[in-house]
Amino acid sequence: MNNNKINNIVIVGGGTSGWMTAAMLTRLFKSQLNITLIESEDIGTIGVGEATIPPLQIFNSVLGIKETDFIKHTQATFKLGIEFENWGKQQQSYMHAFGDIGKDIGFTQFHHYWLKSNPLDNSDFWQYSLNYQAAKANKFTVMDKVAGSPLAGITHAYHFDAGLYASFLRQYSENLNVKRIEGLITSTQLTPNGNIESVTLEGNQCIRGDFFIDCSGFAALLIEKQLHVGFENWQHWLPCDSAYAVQCERTATITPYTRSIAHDAGWQWCIPLQTRTGNGLVYCSKFISDDDAKALLLNNLDGKPLTEPRKINFKTGRREKQWHKNCVAIGLSSGFLEPLESTSLHLVQSAIIRLTKLFPHNGVQQTNIDEFNRQSQTEFEQIRDFIILHYHLNQRANKRGEEADLWQQCREMAIPESLQRKIDLFAATGIVTRHQDELFTEAAWVQVMLGQGIMPKDFNPLANSIQDHDLQEFLTNVKTIIGRTVDAMPEHEHFINKL
């Protein structure tokens with residue numbers, strides 16, 4: 001009999017990451033685990049995780065949550081991509097649209113055939129994106145495939161109220177016997193070998209556990225303040241260190257995409273929900289004061305502010321160990337990457353799934369810890385590179401026609417070798433290399449690099465297998481099918497209202 005068996009799980013911190021963790025663990029392990037979640041209503045959440053990428057659909061599906069219930073409970077809207085305004089050159093925009101672009105033929109990706117066609121302008125590429133065309137037309141419907149054609153359908157994610165999602169998952173978890181304790185942690189007790197034995201709350205209530213999950217946000221109460229795992233700082237690549245977040249009245253049209261608008265010292269997000277819009281400004285305090293950043297955000301809202309702007313300070317990077325001893329960090333306690341590509345909740349989701357696959361039910365093993373940390377590091381670094389890509393490829397100048405300091409710094413800085421290889425290969429050949437389990441698809445990399453000014457010098461010679469006349473007919477047919485499909489879709493807001 002194994003006396004090290006893991007039975008009692010203590011989650012420190014609620015919010016979206018805490019309740020996502022509690023919900024999935026209790027769903028998958030059912031009666032095998034006793035789960036206690038400690039949170040305090042006196043501690044606010046960051047609350048900027050209001051936009052997602054498509055994998056959240058899988059997470060909700062595993063929990064057995066119907067999409068219609070999710071939409072209703074979280075005031076959600078649908079998201080088809082992220083539009084980047086002023087990131088390449090000022091007054092120019094492009095979209096990272098989810099899903100496929102065009103249709104691959106044989107062993108060659110669509111964008112190589114498009115390159116062979118000798119397009120006059122990079123923007124032509126998005127004529128072959130069903131997601132993009134639907135997004136810009138404010139259309140939406142659930143569609144796996146385009147009827148009567150080989151084209152893939154719509155790939156969607158969500159904009160939603162993260163606080164409402166946490167409340168929804170709290171009810172879900174408590175219905176499955178997760179125990180919630182209200183309170184603030186005052187101390188943590190360690191065993192002689194450095195494991196966490198218990199935490200003590202105000203009033204001297206002691207909570208013991210076999211395994212602890214740190215969802216305490218930037219505070220990192222367990223993984224850093226007690227276990228001192230260290231932090232790898234990436235601000236030399238991603239220099240923004242501050243943000244303001246504010247809610248405003250909803251706009252007349254609820255667009256099915258997120259807007260990311262570059263400004264002189266950072267960028268602004270705009271996330272449309274059913275009843276309001278979530279806004280924020282991510283910026284580098286080296287290049288703009290807090291007061292000026294706050295004013296910049298408020299002067300660029302689409303509606304009347306509903307809340308006072310809330311300041312957020314952050315440091316971009318990751319914990320050197322996200323699992324140490326009998327503690328795993330999930331969410332902001334594990335590290336932070338700015339929400340440029342809406343990856344915050346995905347990193348929570350993937351960490352939870354990774355933990356379930358490596359769960360130490362018969363006692364913590366170093367092999368499990370090492371593999372978890374290896375996978376976590378790889379994922380963080382891959383997402384880091386994708387975010388750096390946007391900054392590094394900028395071609396911005398400020399209003400006086402001079403280079404804006406933040407953007408010049410990002411354009412001229414040395415970048416990770418892993419990213420430089422990708423950029424160089426695409427610029428020369430049009431080829432994108434990626435690991436099989438990498439989050440961002442080949443289409444995502446192609447869209448950002450094309451959208452920010454890289455037109456490859458060559459294309460894969462396999463694209464020569466189709467004659468020019470046949471290629472033009474193929475491209476025209478794809479555009480025609482997409483156009484007809486979008487025309488037949490309902491308006492985005494109409495689709496939501498029907499739910």
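The values are calculated or read from the model by the stated rules, or taken from the named source; none is laboratory data. Just so it is clear, the model here is predicted, and its values are computed rather than measured. Quick reminder, even Gly has a Cβ in these numbers, built from the backbone with ideal geometry, and neighbours come from all protein chains shown.
Table for the structure above
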{"read-out": "Matching residues in region 152-189 - criterion: being part of a loop (DSSP other than H, G, I, E, B) and of a type in the set (Phe, Trp, Tyr)", "value": "160"}
{"read-out": "Residue among 122, 138, 86 that is closer than 24 Å to residue 253 by Cα and either in the same structural domain as residue 265 (by TED's automatic domain parsing) or in contact with a helix residue (DSSP H, G or I) (Cβ under 9 Å, 6 or more places away or on another chain) (or both)", "value": "138"}
{"read-out": "Residue in region 17-40 that is nearest to residue 203 (Cα to Cα), counting only those that are modelled with pLDDT under 95 and either buried (at least 24 other Cβ atoms within 10 Å of the Cβ) or polar (S, T, N, Q) (or both)", "value": "40"}
{"read-out": "Residue that is surrounded by the most Cβ atoms within 10 Å (Cβ to Cβ), among those in region 245-266 that are touching a Phe, Trp or Tyr at 6+ places or on another chain (Cβ under 8 Å) and within 16 Å of residue 295 (Cα to Cα)", "value": "266"}
{"read-out": "In region 71-127, the residues that are more than 18 Å from the chain's Cα centre (by Cα) and within 30 Å of residue 170 (Cβ to Cβ)", "value": "71, 72, 73, 75"}
{"read-out": "Per-region count, region 124-142, residues at pLDDT 95 or above and surrounded by fewer than 20 Cβ atoms within 10 Å (Cβ to Cβ)", "value": "6"}
{"read-out": "Matching residues in region 228-256 - criterion: being under 22 Å from the mean Cα position of the chain (by Cα) and part of a loop (DSSP other than H, G, I, E, B)", "value": "234, 235, 236, 237, 238, 239, 240, 241, 254, 255, 256"}
{"read-out": "Any hit, region 415-423, residues being charged (D, E, K, R) and modelled with pLDDT under 95", "value": "no"}
{"read-out": "Only listed residue being farther than 26 Å from residue 130 by Cα and over 25 Å from the mean Cα position of the chain (by Cα), chosen from 425, 406", "value": "425"}
{"read-out": "Where residue 312 falls short, out of the listed (1) in contact with a Lys or Arg (Cβ under 8 Å, 6 or more places away or on another chain); (2) closer than 26 Å to residue 77 by Cβ", "value": "(1)"}
{"read-out": "Count of region 432-486 residues which are acidic (Asp, Glu) and more than 30 Å from residue 376 (Cβ to Cβ)", "value": "4"}
